[in-house]
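Only one structure is covered here, and it is reproduced in the block below.
The values are calculated or read from the model by the stated rules, or taken from the named source; none is laboratory data. Source: prediction; values computed, not measured. Don't worry about glycine lacking a Cβ; one is built from the backbone with ideal geometry, like all the others, and counts go over all protein chains shown.
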Amino acid sequence: MNRYKYKPLNPNDIRLVTILPGKFGDPIRIEINHATLVPPAEDEKPKRLSLKEIRKGLPKGWDAFENLEGRVVFWKDNERFSSWDHPDPSVPRADYDPEILENQDRPDYEALSYAWGPRMRRKKAIMKSTIKEQRFMVMPGNRLLHINEDLEEALRYLRYKNKGRVMWIDALCINQEDFEERNHEVKRMSLIYQFARRVVAWLGPASLNSQLALSTLDYLGRQVECTRDDWMFPAVDCEQLYWYCPEVSLPYKHEVWDAIADFPLRPWFKRLWIVQEIHLGSAKSIVQCGHDEILWSHFRRAILSINDKDEGVPHDIRINLNNAGDFYLYLGHNPFENTLYNYHMRLCSDQRDKVYGILSLAPREIRDAIEINYEKGLVEVFEHVFRAHSDKQRRLPQLQLSGLRYAESISELGKEGWPSWLPDWSRFVYRTCPSSDRYYTSGLSASCTNYTNPGRLEVIALPFASVKRVEYQFPHSPDGLVCIVEAYKRMGLSQLRDTPYPGLGGPGEPKSYLDAYLLTMTMGKVKDYYEKLQTYYSQAELLKIVDIAERSEEGIEEARSMLSDWYRGLIGAELDQKYLFSLENGHIGVIGGRPLQGDKVVVILGCETPMLLRPTPTGDYIVVGDCYVHGIMFGEALLGPFPESWKFILHREGEEDGQYRVCFVNTDTGVKRTDDPRLDEIPLPPEWEPIEWNRTTADPLHYRKFWNRETGEEINSDPRLFPEALVGRGVPLETITLV
């Protein structure tokens, strides 16, 4: 029997596999046909009011949220009541819950998400040629197609006994030996999975307790509703009104927990491709294990609910769920650099797929700017993604994910010729400043870059200060309080209570080194900086707790009881093996890498965080990594201290994406604004004026739109922070080269 030969695809075509009916033990027989898949025009898509518009029209006491699938759910907090119906019956349903019409012009198929196994284990599928296909065959009749053993096993479970089943399966529907076709089809992944009738996540054959796990998770998932901005409340028509509450334990016995604990260990949860595959699927998508299946929406809500519990969840369950990752959350608001960072350690057979395998989760504007090419080497692919991403945003979002980190020299990066400014997604990428903390080090400035070969990147930056001394390395400890207290004792920080800190901030900023060290060791994770974030502690509370802990062993236990386990674990994870250092100008910082005396902290235009660089004998710089330097994280180095009566806070009120952003507050009047008060006295250049805009997920976190009335150019940065404008005001910028 001859081997199957793929017919070339037309640009708008996809291949679809029909799994022909048969009994479980019968040979696998399939058909492959071509179908046209074209996305609907924008005016054909169902539309509704924005969430902000819906909230404006709600009666008092009501709120509205988008659930994980994007449907609007209404919530009345004082009654713990949720509903799909607007509380005002006169509001047309189409305004908030438009009917999604099935497009009869698109093919009807399911898309398979599964874990590829080792390539050496091969099975065969019999291709049954149809009349349509035979015209393109060298010889009529059946053909053989080699398939992976894991896929062959999945097809046996997925096959219907009495009818065919039409699916899109990457290993069969893409000619894996044709680089040009792979490049084209991987680019269309978002379309293929988004417009499938549903995605089927195949977890593997059933085990002794998998049915118990699925039925338990299905019931739990029906009781809770989860929103895209991380809220949780009772599901519409739920039976267990309080199961969503973190403090309410779940009534499960050991055998139930044991069954649930096994699921995250399955290979599917470790694979990189499955992240975008399941997230692009429709609300009808399912998780299947053996012949048992439940809705993915119920599965993910159940997992999120378990993760959210304060107590009652066995430790091994939490470990297994954490190892499986946080892809259960809504990822549509995630900046692309965070998606890269969060999932780059998942498994894939081709290291270029560290980027390509999640590209469909990138905003469309960024996705369209990235060329997929499996014939390029790894450095070329990652550099192309870095440049396309940076050029589109006019920022340097991936720069803070680069650097030597724990390496002593550039030769230790692991690959010859790898630039220190380029993240290597094929191995573990480390960062100092957490992705959840949105800093504002370079304000609303745009990046100014020039790429010169080989592997040289010119940037415009403000050199801030050189490292004077490496003060301390934090131990590996799950308890952040222990880390902080040990540093206080070793360094004698309590004696610095009255020593002024040379900060550039305004009201609420640290007045002494004691304050500054505490804020540095928490990297600003204090209630004072965040609006309505009750899970953090205030600066005053932390100082009191540390004072108690310093006194004795009994004091440490008393202090530990005053901090939540969650907060102590958070700080412990953030400080894990990081270094405290001091600068020649008196500032202090922390970095997740090994700093050396003489390294320089610089503020690079278009970069959210300060960067630590290592000078070379040629005058170029090697990137060590991003760092936290207290007193310059919110634009102080470029713009100076905050005016009297003004301070910054981080808030997300009114933001549909749930991301924290810098907001400025007048401490006398309580007025909040997003415009930086430090720019009030600096006039805009006469040819520029601010304009209104609708934010997209491709935009950088901090930006404004300005329009040049002479040239018609639109920019997403402030003209008052152009390099020439800053230099004109006495800011000593330099052009430096990163290698």
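Of the residues that sit in the range 473-490 and are surrounded by fewer than 18 Cβ atoms within 10 Å (Cβ to Cβ) and in contact with a strand residue (DSSP E or B) (Cβ under 9 Å, 6 or more places away or on another chain), which one is modelled with the lowest pLDDT?
So the residue we want is Arg490.
Would it be correct to say that Pro40 is touching a residue at least 24 places away in the same chain (Cβ under 8 Å), in contact with a Pro (Cβ under 6 Å, 6 or more places away or on another chain) and assigned to a loop (DSSP other than H, G, I, E, B)?
no
Every residue in the range 146-168 that is at pLDDT below 95 and part of a strand (DSSP E or B), please.
Within the range 146-168, His146, Ile147, Asn148 qualify.
Does Leu241 satisfy being touching a Pro at 6+ places or on another chain (Cβ under 6 Å) and outside any helix (DSSP H, G or I)?
Considered against the rule, which asks whether it is touching a Pro at 6+ places or on another chain (Cβ under 6 Å) and outside any helix (DSSP H, G or I), Leu241 comes out as yes.
Looking at Tyr621, Tyr628, can you tell me which residue is touching a Lys or Arg at 6+ places or on another chain (Cβ under 8 Å), modelled with pLDDT of 95 or more and surrounded by 21 or more Cβ atoms within 10 Å (Cβ to Cβ)?
After ruling out the rest, the residue left standing is Tyr621.
Return yes or no: is Gly593 surrounded by 16 or more Cβ atoms within 10 Å (Cβ to Cβ), in contact (Cβ under 8 Å) with a residue 24 or more places away in the chain, in contact with a Gly (Cβ under 7 Å, 6 or more places away or on another chain) and not in a strand (DSSP E or B)?
yes
Anything in the range 406-441 that is modelled with pLDDT of 80 or more, closer than 20 Å to Ile736 by Cβ and out of contact with any strand residue (DSSP E or B) (no Cβ under 6 Å at 6 or more places or on another chain)? List them, or say none.
Correct list: Trp418, Pro419, Leu422, Pro423.
One line per residue, one yes/no per condition, for (1) of a type in the set (A, V, I, L, M); (2) under 27 Å from Asp108 (Cβ atoms):
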{"residue": "Val256", "(1), (2)": "yes, no"}
{"residue": "Phe263", "(1), (2)": "no, no"}
{"residue": "Pro267", "(1), (2)": "no, no"}
{"residue": "Leu272", "(1), (2)": "yes, no"}
{"residue": "Glu277", "(1), (2)": "no, yes"}
{"residue": "Val287", "(1), (2)": "yes, yes"}
{"residue": "Ser297", "(1), (2)": "no, yes"}
{"residue": "Ile317", "(1), (2)": "yes, no"}
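For the range 249-272, how many residues are in contact (Cβ under 8 Å) with a residue 40 or more places away in the chain and assigned to a loop (DSSP other than H, G, I, E, B)?
4
State which residue pairs qualify: first residue among the basic types (Lys, Arg) and inside the range 449-464, second residue assigned to a strand (DSSP E or B) in any location, beta carbons under 6 Å apart, and separation of 6 or more residues or different chains.
Arg456/Thr737
Report, ordered by the first and then the second residue, all pairs with beta carbons closer than 7 Å, sequence separation of six or more or different chains, a first member in the range 369-388 that is free of Cβ contacts under 8 Å to residues at least 40 places away in the same chain and in the same structural domain as Met189 (by TED's automatic domain parsing), and a second member that is in a helix (DSSP H, G or I) and surrounded by fewer than 17 Cβ atoms within 10 Å (Cβ to Cβ).
From the range 369-388, no pairs qualify.
Whether any residue in the range 683-692 is acidic (Asp, Glu), at pLDDT 95 or above, in a loop (DSSP other than H, G, I, E, B) and surrounded by 11 or more Cβ atoms within 10 Å (Cβ to Cβ) is what I want to check.
Yes, some residue in the range 683-692 is acidic (Asp, Glu), at pLDDT 95 or above, in a loop (DSSP other than H, G, I, E, B) and surrounded by 11 or more Cβ atoms within 10 Å (Cβ to Cβ).
Going by what's in this entry, would Pro140 be described as more than 29 Å from Ser305 (Cα to Cα), part of a loop (DSSP other than H, G, I, E, B) and either at pLDDT 90 or above or in contact with a helix residue (DSSP H, G or I) (Cβ under 9 Å, 6 or more places away or on another chain) (or both)?
yes
Output the residues belonging to the range 69-85 that are part of a strand (DSSP E or B) and surrounded by 15 or more Cβ atoms within 10 Å (Cβ to Cβ).
Listed by number, the residues that qualify are Val72, Val73, Phe74, Trp75, Lys76, Phe81, Ser82.
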